[in-house]
Structure formats: C-alpha cells, structure tokens
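Report on the following structure.
The values are calculated or read from the model by the stated rules, or taken from the named source; none is laboratory data. Quick caveat: nothing in here was measured; it's all calculated off a predicted structure. Here the Cβ is made from the backbone with ideal geometry for all residues, glycine too, and neighbour counts use every protein chain on show. The area values use the complete protein model at the heavy-atom level, side chains included, leaving out ligands, DNA and RNA. Shrake-Rupley method; radii C 1.70, N 1.55, O 1.52, S 1.80 Å.
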Amino acid sequence: MFTRLARLTVAALFLPALLPALQLACAATMPVAVPRPSAISAPAPLKLDDPLPIGAQVKVGKLANGLTYYIQRNGKPENKLELRLVVKAGSILEDEDQRGLAHFTEHMAFNGSRHFKKHELVSYLQSVGVKFGADLNAYTGFDETVYVLPLPLSSSLSERKQDLDKAFLVLQDWAQGLTLKDADIDKERDIVLEELRLGKGAGDRMQKVLMPKIYNGSRYAERLPIGDEATLRHFKPDALRRFYRDWYRPDLMAVVVVGDLDPAQAEQLVKRHFAGLRNPAPARLRSYAAIAPRTDSEALVVTDKEAGPAAILIRYPVRLFQERATVGGYREQLIEALFGGMLNARLQELAQLPTPPFLGASSALSRLTPRYRSYNASASLGTGGATAAIDALVQENERARRYGFSNAELERMKKTMLRTYERAYNERDKTDSAVYAGEYMRHFLEGESIPGIEAEYRYVTELAPGIGIDEVNAYARATIPADSGKLVVYTGPTKAEVPLPSGAQLLSAVTAAEQRDVLAHDEKAVAGALMDKPPVPGRIVAESHDAQLGLTRLTLSNGVKVILKPTTYRNDQVLMSAARFGGQSLFDEADMFSARYADTIVAAMGLKDLSPLDLRKVLAGKAAAVSAGLGNNTDVVAGTAGAADVETMLQMVWLKFAGVRRDEDLYKSFIGKQMELARNRLAQPGALFGDTVVATLYGNNPRAPRALRPEDIARIDLDRAIAIYRQRFSSARDLSFIFVGSFDVATLKPLLATYLGSLPTPALPTAFRDLGLRPVKGVVKREVKLGSEDKSTVSLTFTGPAEVSEAEELRLSALTEVMNIRIIDVLREKLGLIYGGGMEGSMTRVPYSHYTVGVTLPTGPENVDKVLKATFAEIGRMRMEGPDQGDLDKVKTNWLQSYRKSLQENGYWVAMLQNSLTEGTDPATILSFEKDVAALSVADLKRTAQRYLNPENYVQVVLNPEAAAGAPAAATAPAAAPR
C-alpha cells in the first residue's frame, strides 16, 4: 500500500520491481517509425579507422593547471544541477602509514573547510533541500575518489546565483580547502571505525583470503579502501594531510557540471573557482599498480560458517585493456556484447533444467581495474555442488568456442541491442542529468568514449546489421581461453549440504571438463507470436474526463475499468498497474506457503504454452513485461512497455488470466533453488536477527511476515499453488487498470477493448480478510547472540492503532525525517556511536488502521547501552519540545523539491492513482501537497511524537555477538594446488 510520502520516490521503486521480468522479456527489434538525427545532408559514410569524437552535447575543457571539466546543459529534471568532483586518487596510492586514509580524507570533506566550518556544510546543503547520504555523498575506490553534489536551483535569480556560488565553493574546498584539524580528525576516527565494523562479517573475512589471489599478488590486494584497523586507530594526522597534499591536485581532478544551467555560466564558475588551484612541487608520480598475468593454475577453497551461498569462480589471466578509440573499436565492442549476451542466454537455459548444475551462472570479460580485465566464468551452486557447476561452465564455454552460435541466436541478440540503443536515443532529451554525469566520470577515469547517443545510435544501426555469425564465432574462439593458467575459487559456508571440494579436486574437475567432448548447441524452434489471433473484443460502454488531472476514465463491457493519463515525461515508456483487495489473506494457514509462492511458481513455468526461455525468444523485438501476483491483502497486476509495445503488454495481461502452464520440471528446479537459498540463510546472523525481530513483534504468530525456512518450502504444493493462482486470476472482476506514459488515447482505446474488454469477469471475493495478526503490547525486550564479529544491532519498533488520514501520514513521515537528522547529528557526529542507521514509519488502513515506526542502529557491543540511552533521549526531547524549526524546514524543502521532480515521472502518477483507488481517497489531493507541507508545524510534530513514540509500548531486540569480543572466526583456505 503506497502512503502519500511513498509516492514521492515511487519512480525509483516501481521500475526496479519489474526489472527482472523486463530483462527477460525485453529482446529488441528495430523501431516502428523511429526518427533519425536531423541533418541538412546525409552524414559521411562511417570509416572504421576514424577516431571516436567527443559529442557536441558536452563541452570538455582543461585549465592551465591540468584540471579537466565537463559541462552539459540538460533539462531533466528541471531546476537541478548535478555536480561532481572526481579525483584520480584512491587507496592504491596510500603509503604504508596511510592505509585507509584515502577514504578517511573523503570523510573529512564534510568536517570543516576554508569556507565552511564543521557541520556548516551539511547544514547549509540540507537547508536548500539536499539530503545527506541520499543526495549529498561521496565514495572512495582503489583508483578514485568521487564527491557527489546534486544542487536544486531556485527560480529566483538572486537565490540561484547565491546557491551556485556556494555549491562551486563547496567543490573548491573539497579540492584544496579542507582544514583537517587534529581535533576533527580524531573525532572522525570513531565514525570511520564504525563503518569498518559495519562491513565486518563472512564476506570481509573471506575477501582478505581471496584478494591476494584475485589480484595475483598485486598492490591492490593490500589497499582495500576501508583500510587497516590498526592504522585507522593510531595514524598521525600529518599522514592524512600528506595524502591530501600529494594527491588532491588539479592535474588529477575533473569537475562535472550537468543540468539546467547555461554552459557559458557553468564554464565561468569552473574557471573562477578552480583556475587558482596549484599542483604540488615537486609532484609525486601518479603510477598505476601492475597485475602480473597468471601462468600456472591454482585452486582455492575459502569457507566461513556465516558465508552466503556457495559459488565457484574460474578467473583466467588478466589482460591490459584500453578503451577503444575508433569506430572500428566501437564495432568490436558491439561484437563483444553480442557474444556475451548469447553465451549467457545459454547459461540461463542450463539454470532452468529440472536438475540444474547451478542456481545461476555467467561468463564474460570483466574489468578488474581501470587498466586490466579478465575472462571469468562463475556460478552460484545448488545441490549438485562444485563439480556439476564446473562441468557445465567449462563445457558451455567450450561449446561456444568450438561450434559458435547460430544465426537465430545472433539475430535475437541484435534485436536486443538495437532496441536498447533505440530507447536510449528516444529518451535522449528525457534522460536524467545524473546519468550523463556518470558517463563523463567514466570518460575521465577509464577512458570510456562519449560520442553522444545520436552518434552511438547511428553506429549501432549502421554497424550491427553487418556483423555476421562467422565474425562473432571467430571472436568466441579468440576470446574464450582454451589452454591457459587459471585461478579456480570455491567460496561457501563451512557446513555445506555436499562435501567440500579440495583445491586438487577443483583443478581436476576443470581438467576433466576441458577434455570432455561436447556437441553443438541444439537450437529449438519456437512460435513466432504470443497469440495466433486476437480475442473477440469487448466494447467501451462509458467514458469520462478529468481535465484537472489529465485523465480519461473508461468502463468496458465486462465491467473492467481503465484510467488513462498520457504524458510527455518519457518518450518511450508506458506503465500499467491494477489492484483489488483479496490476496494471500483469503487462504487458510494450511495454504499460506503455497499462496505466498503461487505467483512466482506460475511465472517460473512460463506463459501460455511457452517456457520462460521460449517466451524470451518470442518476445525478441519487444520491450514489454507483465507480472501478476498476490500481496498480503491485494491481487496486483503490473506492467511496463515501450511506446510501440503496448499491445504486446496487453496480450501478456490477457494470457495471465487465460490459464497456467504446468511444468513439473521447472517447478522442481524453482523449488530446489528456493530450498538452497533458505538453507543458506540459516547461517547468516543478519537474516536470523531479522526473523527474531518479526517473531518477537508478533508473538511467534505463524502468519507473521517472515522469510521462509526449508521446512516451510517443503510444504509448498504445486497443484495447490496453481489452484490458488487460478482462483484469483481467472477473473478480472473489480480491477481498474491504470496506464500512464507515452501513448495516444485514441490509438490505445481499441486495444483496451480487445484485450481488457474480453477478460473473463465471473464472480469472486474481492475483499481482504483480517487474520487478526497484531503486534504485542507493552515493553518487550530481547537479546539475540549470533555471529562471531564484534558488532551489534539495535532494533526498536513502536506500533499501535491509528486514525489514518493523508494528513496524519504526512505528520508521521515528517517526524521520522526530523528524527533521522537528529540521529545523524547526535549519535553519529556528536557521539561517534554509529556510522549509519535511522528511523522509518508507515500507516495503513489494511487490514486495520495502525502505524509502525522502526529504528535500526548498527553499533558495537560496548556501545549498545549508550545508543539506547541517546536514542530515547532524542525521542524524549521530541515528545517534550518538538523538533527544531530549522530541522523541520530542511525536511520541507527536500520534500517540495522531490515532489516537483516526481510530478514529471510516470511512476509517481501510477502510484498516486493506484493509491487513491485502493485507499478510497481523492487523487486530486496530490495538488494540495505543497500547501499541506507548508502547514506542518513544530507543534504538529510534537503531538505526533507523543502519539506514536510511546515509551510504554515498544519492542526492543538487540543483536550481540555469540562470544565476547575477540578474534573473529577466520575464513579458511583448505587447499591451494598449483598445477
């Protein structure tokens, strides 16, 4: 159920939920009537030896001091600027006494500079609507440090000028104006150490064993960005200042400016703020660490009792790599992409066998550093263990190397590629500035070409059709290693369901697979279309219009309703949503696991008479995906399509209601994967802690929303799952379908009458059932001891009945946002007790009117009591005094900017309209959001805190390590076997 505030970020939530389905379904074709880049005359023929140009959309320049800058005007979103400071300096450049100080320097960028005192920077940026962490951020890698500053631009010219000057001053200070005072450095140690603590666990322990082998003894293995704990605790401040002085210099920097700003003005700001930067004299050489090629073969088995799913990696020798710089090189890049797509499609087929050799797998050339890459084959292991996965991986690669691919495979993959570029071209004026900023960062750091989407679309449409199967197969023979040194790595839990392999056994398995004979790939023919003919259409029996919201409402002859909102927010996107009450709540406890998995089981078996892989082939040339599922209290249908592929999306909707493809082999494969994941989850402290929080909150109620265990999955029944799905999706009664995006209403209406108007609508229950699931009352406290690392997590959950309204939801959301500002200011910045964490809250009317507020705070065992004391002190302060007006104003400003951006997103409107239908509210209230936010007061939030943060009614669960702090369980390397 979407709350009013959730709508502001739904554009980020709606599409990712459909992405796996879209990736499966979206194999592309040439467009219908795609516009070509305008030109007065035909462009000159492409020459393969021509250099790739820098596109006209971006101004790339260099100051006399060596600083590079990229400037592009882009109006998506309006009144916003994406700023980046990119430094070609990361942890690889640290001296021995500086391990971790590249990352530490990044932290110090927010702790005082020449023009901003400590805390002033973050506070100022929050005051103009920039949210710390979510918007304002930075990261440190091996070879780079990047600072991210998205800047909202005021419509007032004077305010805009002031904000621009301050924002560029921020970047200037980051570049060479940090104060780096001793006291500030020492204060930040605790926060960085908490970040290091947060990353500890099985992955970290195993990585320390793996890195020297993955990087073949290179310096990279010794320079993880988070650093060395002893160094972080004891380094002298001068060591940090030395790193900043040596490497934060203009000849290693780029400034990226993309957004709603005149390029000439942007260039003036860059020159004004950065031309005065100086390079140190003498300057240290910025060298790049070498990675030696592997000449022998070696195997490594790395296990940990808390490890995630078992996996296998075969890494072949690294190769020096430089981005292609010519049109011919771009063509080679297309060949590489076609090869990788076809090979990985074959591996997907193997993962869907009744007894799959692995849960999932991939093979590709992958980048290890900006200058090196290697060919890898990897897989997540199932019950067959390492040998089965190695056999399948090696043989499938050998099959491709020896026999190549078929013309049918190549043509499908070309369509995928062409459609991908077509959509990017179609959206070129609707692409977010942050996307372009990322592209220019990669150009500076890695040499990625930036000819612009118009040029790239031309390259692909002209070059890809001429790439033949013989050429791709020759590339496969040259790329897939036939006989070379390799590193074979097994990672997984110590207590595996199958015996752990030794290093010698891994190498033996690879050798045996390499020597085994393979046959050519068997390409099975599939149907050419989803439907042989359209269904007998229904009719549109009623139509009305809402001019205020730009809606057309239709009623079809079968009772199905439709809401249409055509937009110009994107050029090649149509989103669809429908929901009604019902869902899993209608089924008894005996069926609850089959009900929970009914929709995913049905989807895993395909559509109509097509398996998922056959469906992908049929959908070659179409960008469309549809899902139908059972929520806790709702039945939901969701879809996404390109503008030319709406009919395909509607056909998929129709087929979702037409029946279920029963495939026992695919069901066994699906259940086997789920069982393996559930088993593995039992070893992970964080997952078990989450289960304990849910169990404590709901008093061990079996209907509580917890993750399934192996014994739960064993209770799932295929036929019962199918029956449950058919019970809910054999009728479209009471569904209202919402469409938002780039479509013409008159063109869409006949398709709606045909596919939605012909859906069956027999009677069925369309109300949810209240199962009586309620949180415990009073104060309940519980401690859980799991994990071997010296780390803890504090969880607090406040619950209770509520009079739910949009105004009350707004007040609760504002309260949690203000509390998060306080949590960061006090628990992190002032006390140094946490690195991250925070509070979130929600309200719903379904299945009864209630609220939930959760607080999650990772920390150290020695700090648990301090964290609890500080958190409840802030809660008490909020209940007694309310928030600071300044903090509330920061939240309001951020919300209003997010709201104005969201108004230009299709996903926002889908969520808003769906919410109004489900909750029975007036969608027009969206237009009053700015007024409602402006009316929020300190007194409102004080009363809200008193109402919902009740110190007499909460659940507290604390995760502590199994034993007292000490040496963590080390990952083990049982065998390393050179060949």
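In the context of the full protein assembly, Leu300 retains an accessible surface of approximately 10 Å², using a probe radius of 1.4 Å and ignoring ligands and nucleic acids. Straight-distance candidates among the aspartates and glutamates for linking to Lys486, with alpha-carbon spacing under 20 Å and chain neighbours fewer than 8 residues away dropped: Asp296, Glu298, Asp391, Glu396, Glu398, Glu514. Once the 1.4 Å probe is applied to the protein heavy atoms, the chain comes out at 40 Å² accessible per residue. Between the alpha-carbon centres of the stretch 901-925 and the stretch 342-406 there is a gap of 43 Å. A cut-off under 13 angstrom between Cβ atoms defines the neighbours of Gly438, and their net charge, with Lys, Arg +1 and Asp, Glu -1, is -4. 3J(HN,Hα) along the stretch 880-896, derived from phi through the Karplus expression 6.51 cos²θ - 1.76 cosθ + 1.60 where θ = phi - 60°, amounts to 8, 10, x, x, 5, 4, x, 5, 4, 5, 4, 5, 4, 4, 4, 4, 5 Hz, with x in place of Gly and Pro. Net charge in the neighbourhood of Gln333 (other residues with Cβ under 11 Å of its Cβ; Lys, Arg +1, Asp, Glu -1) is -3. Annotation: Leu178 carries an accessible surface of approximately 20 Å², with a 1.4 Å probe and no ligand, DNA or RNA atoms counted. Exposure check, 1.4 Å probe, all protein chains in place: Ser113 carries approximately 10 Å² of accessible surface. Taking amide hydrogens as modeled 1.01 Å from N in the peptide plane, which residues meet the under 5 Å criterion relative to Lys131, leaving out close sequence neighbours? Residues meeting the criterion, in which the H sits 1.01 Å from N, are Leu136.
Considering only C-alpha atoms, what is the centroid distance from the stretch 303-324 to the stretch 262-296, in Å? With the stretch 303-324 and the stretch 262-296 each reduced to a Cα centre, they are spaced 30 Å.
Computed over the chain, relative contact order equals 18 percent, with contacts defined as Cα pairs under 8 Å that lie 6+ residues apart. Across Lys166, Lys561, the residue with the most accessible area heads the list, and the full order at a 1.4 Å probe is Lys561, Lys166. Peptides 533-545, 211-223, 376-388 ranked from most to least packed, by the mean per-residue count of other Cβ atoms within 10 Å: 376-388, 211-223, 533-545. Ordering 832-838, 665-671 by mean Cβ neighbour count within 10 Å, with the highest value first, yields 832-838, 665-671. Per-residue ellipticity at 222 nm, computed for the chain from helices alone with -39500 (n - 2.57) per DSSP H run of at least four residues, works out to -13000 deg cm²/dmol.
The relative contact order of the stretch 392-482, computed from alpha carbon pairs under 8 Å that lie at least 6 residues apart in sequence, is 57 percent. Between the listed residues Ala325, Ala400, Met878, the Cα displaced farthest toward the positive end of the dipole of the chain, a dipole computed from Cβ unit charges relative to the Cα centre, is found at Met878. Under the criterion of Cα pairs below 8 Å and six or more residues apart, the relative contact order for the stretch 697-796 equals 45 percent. When each of the peptides 934-941, 863-870, 413-420 is scored by how many other beta carbons lie within 10 Å of its residues on average, the order from highest to lowest is 413-420, 863-870, 934-941. Other residues whose C-beta falls under 11 angstrom from the C-beta of Arg249 contribute a net charge of +3, scoring Lys and Arg +1 and Asp and Glu -1.
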